[in-house]
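Asker: Before we start, here is the structure in question, set down as structure tokens.
The values are calculated or read from the model by the stated rules, or taken from the named source; none is laboratory data. The shown structure was predicted, so the numbers you read here are calculated from the model rather than taken from an experiment. Cβ placement follows ideal geometry from the backbone for every residue including glycine, while neighbour counts extend to all protein chains displayed. Surface accessibility is based on the protein's heavy atoms, side chains included, excluding ligands, DNA and RNA. Shrake-Rupley method; radii C 1.70, N 1.55, O 1.52, S 1.80 Å.
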Amino acid sequence: MIIDCHGHFTTVPTSFREFRARQVEFANDPANGPKLSDALVTDEQIREAIEGGQLKLQQERGSDLTIFSPIAGLMSHHLGNERTSLEWSEISNNLVHRVTEMYPDNFAPVCMLPQSPGVPVKNSVPELRRCVEELGFVGANLNPDPSGGYWTGTPVTDREWYPIFEALCDLDVPAMIHVAASCNPCFHGTGAHYLNADTSVFMQILQSDLFKDFPTLRLVIPHGGGAVPYHWGRYRGMSLEMVKRPLEEMLDNIFFDTCVYHRPGVELLTTVVPVENVLFGSEMIGAVRGRDPNTGEYFDDTKKYVDAIPSLSADDKAKIFEGNARRVYPRLDKRLKAQGK
């Protein structure tokens, strides 16, 4: 079985995006803003969006199931206010849930959280619990920078963040570290802000006792870990010098996906990082949608890169494609077993 750990509902109907734009515009004037009914997406619209997009490419590229969440860029925690963020999170998570109920063999749900700049992270816990306990979600996306590229808050290792980690451990679900859109003109969203965040959070954790305080916490750092695998020696050295412990001690809790859009990058990732810590991911349809003119293949068809790495054994590939995801996402494993998989 091929499990893609990183997918977003990027093909949502235009009307859904329009609702979000109007909601943000009238964030401080809700009486004149859009009604919640304006966000309604019909089953027919879902089928059109899914079957002509993610499902079609999923089948063409040979994967079986995608761990599916709301569009990362549209989380836009820096827009609106705490009320609109909660409202948008509930609407978006409910839509993802509907997709996974309509296509249970192809998608498993992961939620976004109603974070906002300056708002305590603990306020996001009820939505996390609702999604996991009531709707059967298998994980969550956690934004380490709700300010949208300005990093005005505390590091994720600050005790302000502990309530969300406590809930994740209690629910036995992992979080993918995933920022949203960038409003900082210095940082392009997918080309800089995403990769900066992946790298920055890894370093924040390296300097902390987060996993000493939460030994069962599991975090997925996407996009191949940003700069981390490429500079593995730097981080190993700093870990030994700064906190007097081997970097490898973090590997019980941190995992990386294969959302790296060329074979040499995926090969580096799987050479440097233990295979047990690598999950197959494509972010399809996401950051890069075009074809590589040198090969004619889509950049985000990352399964081809894993398949082509000669140093990976059949057992290694089985871990990357399925085994690691079922281990890191135990509620996914339970969901699949209930389906006879």
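Asker: Return yes or no: is R47 touching a residue at least 12 places away in the same chain (Cβ under 8 Å), part of a helix (DSSP H, G or I) and closer than 12 Å to F9 by Cβ?
Answerer: The answer is no for R47.
Asker: On the given criteria, is T190 in contact (Cβ under 8 Å) with a residue 40 or more places away in the chain, more than 25 Å from V275 (Cβ to Cβ) and open to solvent by 30 Å² or more (accessible area, probe 1.4 Å)?
Answerer: In short, yes.
Asker: Which fully enclosed helices (runs of 4 or more DSSP H) of segment 268-341 have 1 or more residues being among the polar types (S, T, N, Q)?
Answerer: In segment 268-341, 324-328 are the helices (runs of 4 or more DSSP H) which contain 1 or more residues that are among the polar types (S, T, N, Q).
Asker: Which one of these does A287 not meet: (1) within 28 Å of C169 (Cβ to Cβ); (2) aliphatic (A, V, I, L, M); (3) touching a residue at least 12 places away in the same chain (Cβ under 8 Å)?
Answerer: It fails just one condition, (1).
Asker: Separate question: Only residues that are in contact with an Asp or Glu (Cβ under 8 Å, 6 or more places away or on another chain), in contact (Cβ under 8 Å) with a residue 12 or more places away in the chain, within 11 Å of T270 (Cα to Cα) and of a type outside the set (A, V, I, L, M): list them for segment 306-328, please.
Answerer: S311
Asker: Would you list the helices (runs of 4 or more DSSP H) that sit entirely within segment 63-141 and hold 3 or more residues that are touching a helix residue (DSSP H, G or I) at 6+ places or on another chain (Cβ under 7 Å) and within 30 Å of D301 (Cα to Cα)?
Answerer: 82-102
Asker: Condition (residue is more than 22 Å from I71 (Cβ to Cβ) and free of Cβ contacts under 8 Å to residues at least 60 places away in the same chain) applied to segment 135-151: is it met by at least one residue?
Answerer: No, segment 135-151 has no match at all.
Asker: Inside segment 213-269, can you point out the residues that are over 16 Å from D198 (Cα atoms) and of a type in the set (D, E, K, R)?
Answerer: D213, R236, E241, K244, R245, E248, E249, D252, R263, E267
Asker: Would you tally the residues in segment 33-88 being within 30 Å of N184 (Cα to Cα), touching an Asp or Glu at 6+ places or on another chain (Cβ under 8 Å) and crowded, with 20+ Cβ neighbours inside 10 Å?
Answerer: Residues in segment 33-88 being within 30 Å of N184 (Cα to Cα), touching an Asp or Glu at 6+ places or on another chain (Cβ under 8 Å) and crowded, with 20+ Cβ neighbours inside 10 Å: 2 in total.
Asker: Got at least one residue in segment 243-257 being open to solvent by less than 50 Å² (accessible area, probe 1.4 Å) and touching a Cys at 6+ places or on another chain (Cβ under 6 Å)?
Answerer: Within segment 243-257 (the criterion being open to solvent by less than 50 Å² (accessible area, probe 1.4 Å) and touching a Cys at 6+ places or on another chain (Cβ under 6 Å)), the answer is yes, since at least one residue qualifies.
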